[in-house]
């Protein structure tokens, strides 16, 4: 049974301050890379509305997703738990990549977020908020059992099966839309309609866009603009640029509606991405890696909080934070108590947002991926041409980041302060630091009940693997 603190205590939290309960708007973008907005330095994509919101709030330049791909990142966001607790390790539960290339056993995990886990949406719903999920869900067939009054577009689908123009099979609850209406615009319309319908009560909206996930389906009226625009040194993908601008246009329309209804001052806006950018279409430089692996480009993402009256505008934080921090942060923002008897792995960012000095400096952040994720067909900055990720765990503490690979017990250690691109492995130079971080990682495995991929895969063939790697690398050799 799900347990909450008694209602009398709930009311004490809710009315501890005389201000109205804040509205919450969570803008959660799919596959948006660390550099894919203007405020993070894109020289081709255009995001003036997001840039304005970021400039009015606090931008976290060391913000991380709790996973390098979609479903586990979302499970961690909603549950406030690292992957070993909720067991959503990958997209789907089937083995990824060819069996003869996987040295270790397959750990399937689950592809459904346990409905007994209390999400932050349930906390808000119980506190009297009107709650809406709009867009991608990816954790079950319906988001409503997880604390949302309405579900617009959410199912187990990880991307729009037919692209961003109608029809939309598998994307339910969208209502009526024009034959040429772009899906990002439809989701924006539904968000605005919910705000209008609930303007006289506190609300929480989880706007989880499908964009900019593949298929890279350009917004038609923007194509010529970006075809004619000079290429940037960082970005130049026309379809991606139109998808990013469509997102930004929608954010601008939502902001305008909030201003019209006099709700902007009492609405907290949080902007986040579920993982790093899609490698074949974008670039996170100077970060190394992209969606699907656990180098910085795969997990470091854009993040800001706009909180009128609390966060003074144009502030930048270099504090490392992670997706599981959102749960306690949201609840403290609204004065809503956390659930009883449920482990949460994050910490509230509210003190930091208020300008106080929280005790985060020595906190470690963790990632665990006991699975395989095959490489893109196009090989680019990938250390492994067969897999974006093999079974691994990662820990970051301060400037140090350690990767542990289960297949061969290999360790990589990077000093992110001086080597943001993770190019110089310092494991042999700093064995004491490796030992400390490995001890911490092993302790974390035990405390979270992590599934460890230790069994050998009987189908593995090292000769076939070696031949496949050579074939993949051959076109790249001079």
Sticking to Cα atoms, compute the Rg of the stretch 320-411 to one decimal and its Dmax as the biggest Cα-Cα distance, whole number, in Å. 17.5, 48
Would you mind getting the Kirkwood hydrodynamic radius of the stretch 365-476 from its Cα pairs, rounded to one decimal in Å? 15.6
How much length is gained on full extension from residue 199 to residue 308, taking 0.36 nm per residue of separation minus their Cα-Cα distance? 37.5 nm
Length gained if residue 94 through residue 376 is fully extended, taking 0.36 nm per residue and subtracting the Cα-Cα distance, is 99.8 nm
Put in order of increasing Cβ neighbours within 10 Å, starting from the fewest, 244, 171, 310 give 310, 171, 244
Calculated from DSSP helices alone, with each H run of at least 4 adding -39500 (n - 2.57) and the total divided by the residues of the chain, [θ]222 nm to the nearest 500 comes to -8000 deg cm²/dmol
Residue order, fewest to most beta carbons within 10 Å, for 460, 206: 460, 206
Which of the peptides 119-129, 27-37, 251-261 is most tightly packed, and how do the rest follow, judged by the mean count of other Cβ atoms within 10 Å per residue? 27-37, 119-129, 251-261
On a 0 to 90° scale, report how tilted helix 462-473 is relative to the longest principal axis of the chain, with both axes built from alpha carbons and the result rounded to the nearest 10. 70
Just order 211-218, 407-414 by mean Cβ neighbour count inside 10 Å, highest at the front, would you? 211-218, 407-414
If r is the Cβ-Cβ distance from residue 465 to residue 442 and R0 is 41 Å, what FRET efficiency results, to the nearest 0.05? 0.90
Full-extension gain between residue 429 and residue 233, please, as 0.36 nm times their residue separation minus the C-alpha to C-alpha distance. 67.1 nm
Ranked highest first by average number of other Cβ atoms within 10 Å, how do 231-239, 173-181 line up? 231-239, 173-181
State, to one decimal in nm, how far the label point of residue 341 lies from the label point of residue 456, with both points 7 Å from Cα in the Cβ direction. 4.4
Rounded to the nearest 5, what is the percent of antiparallel bridges among the DSSP beta bridges in the chain? 50
Taking r as the C-beta separation of residue 357 and residue 112 and R0 as 41 Å, the FRET efficiency to the nearest 0.05 is 0.55
Cα convex hull of the chain: how many Å³ per residue? 153
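Readers should treat all values here as calculations from the given coordinates under stated rules, not as data from a laboratory. On a predicted model such as this, the values are computed, not experimentally measured, just so you know. Note that each Cβ is placed from the backbone with ideal geometry, even for glycine, and that neighbours are counted across all protein chains shown.
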